[in-house]
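K.L.:
For reference, the structure I am asking about is given below.
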Amino acid sequence: MSDALRAFEYGDSDQCPKLRKPIFFMQTSTFPQTKTFLAALGHYRTTYATATLRTLEGESDVRAAVRALLTERVRVAVEGGGRGCLLINAATERLPQDQPTGRIVRDVLTANQEAPATLLRAAAERGELSSRHGPETLAAFLVTFLNGLLVASKVTPDARALESLVEVALGTLE
């Protein structure tokens, strides 16, 4: 990945001064970084779900795996100083009018749901989950909840407060 793309993805405007403008202005069709913006979102598609799966596979118990995933994302979001997540920022600033961004965001969210759905299906087969909600529904809920946590971390960058919400979300796995 180029230094400019890495700087753009992680919000490091010191590494790439041209990227100091808000995402909204950078994602217009006339702004030169449009391809960089879409490339950064596409990079999420190939890396974020893989990282999610790695985190989930690191634990033997489904609840521990989901807790590890959610609390790790809370930690990263809080330590990020409110910069937020490029994917969430793109979705809230550019959708529904920006169709290319919408396609990538949907692809990334689908990939992000597939990773926990795989784990949850295996847990259901082992009898670790109730049949109240299917694995795909639970995975969709957990990804939606995670996206909400990322937004909430911008407003309340307090890991302890956000981690208490993680415990509530884990209740859906019972």
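Each value in this text was obtained by applying a stated rule to the coordinates, not by laboratory testing. What you see is a predicted model; the values in this text were computed from it and never measured. So basically every Cβ, Gly included, is an ideal-geometry build from the backbone, and we count neighbours across all protein chains shown.
K.L.:
Could you check residue 173 against (1) within 16 Å of residue 66 (Cα to Cα); (2) out of contact with any Lys or Arg (no Cβ under 6 Å at 6 or more places or on another chain) and say which number it fails?
P.N.:
Going through the list (1) within 16 Å of residue 66 (Cα to Cα); (2) out of contact with any Lys or Arg (no Cβ under 6 Å at 6 or more places or on another chain), residue 173 breaks only (2).
K.L.:
Could I ask something else about it? Does residue 172 meet the test of being in a helix (DSSP H, G or I) and touching a Phe, Trp or Tyr at 6+ places or on another chain (Cβ under 7 Å)? Steps first, please.
P.N.:
Values: in a helix (DSSP H, G or I): yes; touching a Phe, Trp or Tyr at 6+ places or on another chain (Cβ under 7 Å): yes.
Yes; evaluated as a whole, the condition is true for this residue.
K.L.:
Any residue in the range 76-87 that is outside any helix (DSSP H, G or I) and loosely packed, with under 14 Cβ neighbours inside 10 Å?
P.N.:
Among the residues of the range 76-87, at least one is outside any helix (DSSP H, G or I) and loosely packed, with under 14 Cβ neighbours inside 10 Å, which makes the answer yes.
K.L.:
Could I ask something else about it? Please verify whether residue 124 is more than 19 Å from residue 163 (Cα to Cα), among the hydrophobic types (A, V, I, L, M, F, W, C) and in contact (Cβ under 8 Å) with a residue 60 or more places away in the chain, treating the condition exactly as stated.
P.N.:
no
K.L.:
Considering each of 128, 93 in turn, give the residue that is of a type in the set (Asp, Glu) and in a loop (DSSP other than H, G, I, E, B).
P.N.:
Matching residue, one of 128, 93: 128.
K.L.:
Identify the residue in the range 134-166 that is of a type outside the set (A, V, I, L, M, F, W, C) and touching a residue at least 24 places away in the same chain (Cβ under 8 Å) and, among all such residues, is nearest to residue 64 (Cα to Cα).
P.N.:
163
For every residue, the table says whether it meets (1) basic (Lys, Arg); (2) under 16 Å from the mean Cα position of the chain (by Cα); (3) under 24 Å from residue 41 (Cβ atoms).
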| position | (1), (2), (3) |
| --- | --- |
| 72 | no, yes, yes |
| 110 | no, yes, yes |
| 117 | no, yes, yes |
| 123 | no, no, no |
| 132 | yes, no, no |
| 135 | no, no, no |
| 144 | no, yes, yes |
| 154 | yes, yes, yes |
